[in-house]
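First up is the structure itself, then whatever we jot down about it.
Nothing in this text is a laboratory measurement; each read-out follows from the coordinates by a stated rule. Note that the coordinates shown come from a computational prediction; the quantities given were computed from them, not determined experimentally. Please note: Cβ atoms are built from the backbone with ideal geometry, for glycine as well, and neighbour counts cover all protein chains shown.
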Amino acid sequence: MTDEAATTDADHGRADAFRQDMAELQLADPAAAGERRTLQAGIGLMVVGVVLVALGWYGASGVSEVWKEIPYLISGGLGGLTVAVIGAALYLRASLARQQRLVLLRLLQEQRDQTDRLVEALGGGR
């Protein structure tokens with residue numbers, strides 16, 4: 001067995017151990033919580049924002065006077081951009097929260113394993 005194959009097997013073993021440990025913790029599924037709704041709201045708002053910008057452009061494209069384009073610019077352009085930015089912020093917030101939760105769980109698991117090994121090495125695990 002090569003070093004590369006051994007490393008891959010070790011990585012798969014760590015991943016399997018992590019999945020098993022997370023199942024033992026019986027954490028609530030993040031997809032079932034409000035986080036999933038936040039993610040969906042973010043995606044929806046981004047789509048609505050792009051549609052508003054497109055409608056604003058379409059409305060302003062048929063007008064020859066600049067002063068008649070201003071309402072389309074404000075409602076479609078700026079309004080749509082604002083909605084899209086809010087949607088992107090919600091999407092980013094939900095994505096980062098999920099990632100950080102998994103990182104923290106992994107760190108806690110590794111710290112627990114290290115503590116167990118230290119207690120065992122010091123002879124406390126009799």
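Values as computed for the structure displayed
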read-out: For the stretch 81-126, convex hull volume per residue from C-alpha positions, Å³; value: 42
read-out: Loop-resident sites, the stretch 29-126, for GluC sites (Glu not before Pro), counting at most 13 other Cβ within 10 Å (DSSP); value: E65
